[in-house]
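In what follows, a structure is listed as structure tokens, so that the remarks can point back to it.
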Amino acid sequence: MTALMELHDVAVHFGGVRAVDGVSLTIGEGSVHGIVGPNGSGKTTLLNAMSGLQPLTAGRIALRGQDVTGLAGHQMSRAGVVRTFQSIRLLPSLTVYENVLLGAEHTRGRRHTAETTAGARAALARLEITHLARRHPDELSYGTRRRVEIARALAGSPALLLLDEPLAGMNRSERTELIDTLRRLGGEGVTQVVIEHDVPMLLDVCDHMFVMSSGRLLAEGHPPDVVADPRVREVYLGRHHDAA
């Protein structure tokens, strides 16, 4: 496995709260990675650190072997690391196409070029929303808006796509469609890190899984093996997994 991103003893503290406490992990290029853990376990804070939105208290981050510790969010985006958030952040005054184009321009650092236009159109096609290009976000269902947001993130052809609970708030049909999309993107070699509470979904989509607890990495590995780990079942999955 070729390492795309490596975290070395990464820590993020807020006063006396150790939100992330010495996490070391490797994101393999071309793979889909899942992160699970109880609420408050540090998952989103870790994603913020990986995307440059949260300064580190300690540790180091490398991208393709280059030290990127301390780079701000826009710098990480230009380096090829983009993310979506738990809450959808589309601009309602812009069309779907214009929202997606912004993603290409932000990642590539240039405006209205043939490259950014091609990137936006390609992203719309990959998420199967080209027919909605002239619509506005408030005309679309929640699940479709989420697809637009992911298209915006993909428009700049990032090296690493970080998704924070992409299925949250979706109905069953929307969840099924997006799971199929993420699986297809993984098959196309798009490197992803996905935070989700839907463990069966992660088992279906991911090549590798990380489990966090109290800011630390509790377990990692092949998803079925991780889910079967007694520590993981006790700390997070428990009867929820048994029922699933």
_Residue selected from the stretch 1-37 under the condition outside any strand (DSSP E or B) and more than 15 Å from GLN54 (Cα to Cα), by the criterion most open to solvent (accessible area, probe 1.4 Å)_ = MET1
_Residues satisfying the stated conditions in the stretch 198-213, i.e. more than 15 Å from LEU47 (Cα to Cα) and either of a type in the set (A, V, I, L, M) or in contact (Cβ under 8 Å) with a residue 40 or more places away in the chain (or both)_ = VAL199, PRO200, MET201, LEU202, LEU203, VAL205, CYS206, ASP207, HIS208
*Does GLY42 meet the test of being touching a Ser or Thr at 6+ places or on another chain (Cβ under 8 Å), open to solvent by less than 40 Å² (accessible area, probe 1.4 Å) and within 19 Å of ALA11 (Cβ to Cβ)?*
yes
*Quick one: ALA58 ticks every box in (1) in contact with a helix residue (DSSP H, G or I) (Cβ under 8 Å, 6 or more places away or on another chain); (2) open to solvent by 40 Å² or more (accessible area, probe 1.4 Å) bar one, so which box is it?*
(1)
*For the stretch 80-101, name all the residues that are open to solvent by 40 Å² or more (accessible area, probe 1.4 Å) and in a helix (DSSP H, G or I).*
TYR97, GLU98
*Taking helices (runs of 4 or more DSSP H) that fall entirely within the stretch 153-244, which contain at least 1 residues that are open to solvent by less than 10 Å² (accessible area, probe 1.4 Å) and in contact with a strand residue (DSSP E or B) (Cβ under 6 Å, 6 or more places away or on another chain)?*
199-205, 223-228
*Are any of the residues in the stretch 30-38 modelled with pLDDT of 95 or more and over 14 Å from the mean Cα position of the chain (by Cα)?*
no
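The values are calculated or read from the model by the stated rules, or taken from the named source; none is laboratory data. Predicted, not measured: the structure shown is a model, and the values here were computed from it. Please note: Cβ atoms are built from the backbone with ideal geometry, for glycine as well, and neighbour counts cover all protein chains shown. Surface accessibility is based on the protein's heavy atoms, side chains included, excluding ligands, DNA and RNA. Shrake-Rupley method; radii C 1.70, N 1.55, O 1.52, S 1.80 Å.
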